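Report on the following structure.
The values are calculated or read from the model by the stated rules, or taken from the named source; none is laboratory data. Everything numeric here is computed off the predicted structure, so don't read it as measured data. Heads up, the Cβs are rebuilt from the backbone with ideal geometry, glycines too, and the neighbour counts pull from every protein chain shown.
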Amino acid sequence: MASGETKVMKYEPVIGLEVHIELNTKTKMFCRCNADYFGKEPNTSTCPVCLGLPGALPFINQQAIEDCIKIGLALNCSINEKSYFERKNYFYPDLAKGFQTSQLVLPIAIGGWIEVEDAQGKLTKIRINRAHQEEDTGKLTHRDGQTFIDYNRSSVPLVEVVTEPDFTDTFQIKDYAKKLQQIFRYLDVSNADMERGDMRLEANISVRPVGQTTLPNYRVELKNINSFRFMAQAVEYEIARQIEAHEKGEKLVQETRGWNEDKRVTYVQRSKEEAHDYRYFPEPDLPILKMSATLINEMTKAVDTAKEKDPVKVAEKLVSTGMSLASGASIARNPIKLAIFNEVQKEKSVLDMDWKDFGNFIANREINEENINLVPELTKKQLSDFQSRKSGLISNSKELEALAQEVIDENPGMVDIYKSGKTTVVMALVGGVMGKSGGKADPGKVKAILERLLG
Ligand SMILES: [Zn+2]
């Protein structure tokens, strides 16, 4: 091997993602406790089941299973006809039972895919390994050398979506996270708010020489990172760290690392437990899940209906009414603006209106009202603002012509400049007419009239 050859050796990252989504069901996964723990007094939403007291028997939350099926279908997965829960055993105070009820062998959904965009706008298919149902843990708080535990979050339904190691850059990761968030929201299965912890991202990263087709024999897991931005930074850092280690001939090991926001580095949290450390075994207290064709059909229909709410689709539909792409996207992202636009479209009396103009008008309005119940009122106001703005314009050409002539007469200097060939000066004259009309003229129309009068 020539001495320079190792220097040109290039490495590529191999990245897989695990996303946990907390479902927005009313009750917990295996009991009837309230699942909405946010901002509640600690340990006020618990019972013998979610505290794992001896003799307490769990039962399955049907809504959560349906939500998990929908997530699987939206990600092009197959739904297993038979699926069951397993105990993932570990001893840690955040789960009082001493195990987490999860799924390993037969998860609800398997073998899907989603397309993501890279920095060049190229679409790549990312394979989805599985979407399985499990439960969240309690929350530990460390303060003044003491540890406090709140079990309100313990056993809130959680779905885990696992990809194959198909990502090669952080742009794809950001696009994936954004697309998943949109899917969870239009399916209405989760608020998918990363800051509140509804949606949590974990990345498995390793690096291999370009050309190698087998997976590296180690992987580093990045955990407990609560924003898109920090995850992207941590992944970038980790790719660079691992390439440098490879180049120095250092051995990389299987471990879990976190992100230090101040120092902007990843750091070791713990060496990785292998799956067998958890001693998975079928949960004897819960029945096997059997997915009927009727249920799958019902869920497929629900997903198709929900997909119509996908912001990309909604924007496309809006643009078809004539408004600009920017306006369409802006309205699609704002539920209140969208509701107003749809409301107006329903009204027959305004069917002859200029949808392009109205769409652009709504997109550019400041509408901060959060309350969807106020839409009828807001619609009336926006519509009347739009119409009065339109009718307020001077549409009479004679009137505009008179104003234009006045401005020409008052500015002989500018007229000379215009006639000498500097035609851009016409804009100053347009400004004059706009001023005289009190802003109630269409500048395009005024410009045309001025040009005609000036010959
Ligand atoms: Zn409970």
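Just a few scattered comments:
- Number of residues in the range 154-174 that are more than 15 Å from residue 204 (Cβ to Cβ) and either surrounded by 21 or more Cβ atoms within 10 Å (Cβ to Cβ) or within 16 Å of the ligand (Cβ to nearest atom) (or both) equals 6.
- Any hit, the range 132-143, residues being in contact with a helix residue (DSSP H, G or I) (Cβ under 7 Å, 6 or more places away or on another chain), surrounded by fewer than 19 Cβ atoms within 10 Å (Cβ to Cβ) and not aliphatic (A, V, I, L, M): no
- Taking every residue in the range 39-55 that is touching a residue at least 40 places away in the same chain (Cβ under 8 Å) and pairing it with any residue that is near the ligand (Cβ under 7 Å from one of its atoms) and hydrophobic (A, V, I, L, M, F, W, C), at least 6 positions away or on another chain, the pairs with Cβ-Cβ distances below 7 Å are 45/33; 46/33; 49/31; 50/31; 50/33.
- When residues in the range 180-211 are screened for being of a type in the set (A, V, I, L, M, F, W, C) and assigned to a helix (DSSP H, G or I), 4 of them pass.
- Scan of the range 372-390 for residues that are of a type in the set (A, V, I, L, M, F, W, C) and free of Cβ contacts under 8 Å to residues at least 40 places away in the same chain, ordered by number: 372, 374, 375, 383, 386
- Scanning the range 139-158 turns up no residue that is within 14 Å of the chain's Cα centre (by Cα), without any contact (Cβ under 8 Å) to a residue 40 or more places away in the chain and either on the phi < 0 side of the Ramachandran plot or in a strand (DSSP E or B) (or both).
- Flag for residue 86 being away from the ligand (no atom under 16 Å from the Cβ), modelled with pLDDT of 95 or more, within 29 Å of the chain's Cα centre (by Cα) and at negative phi: no
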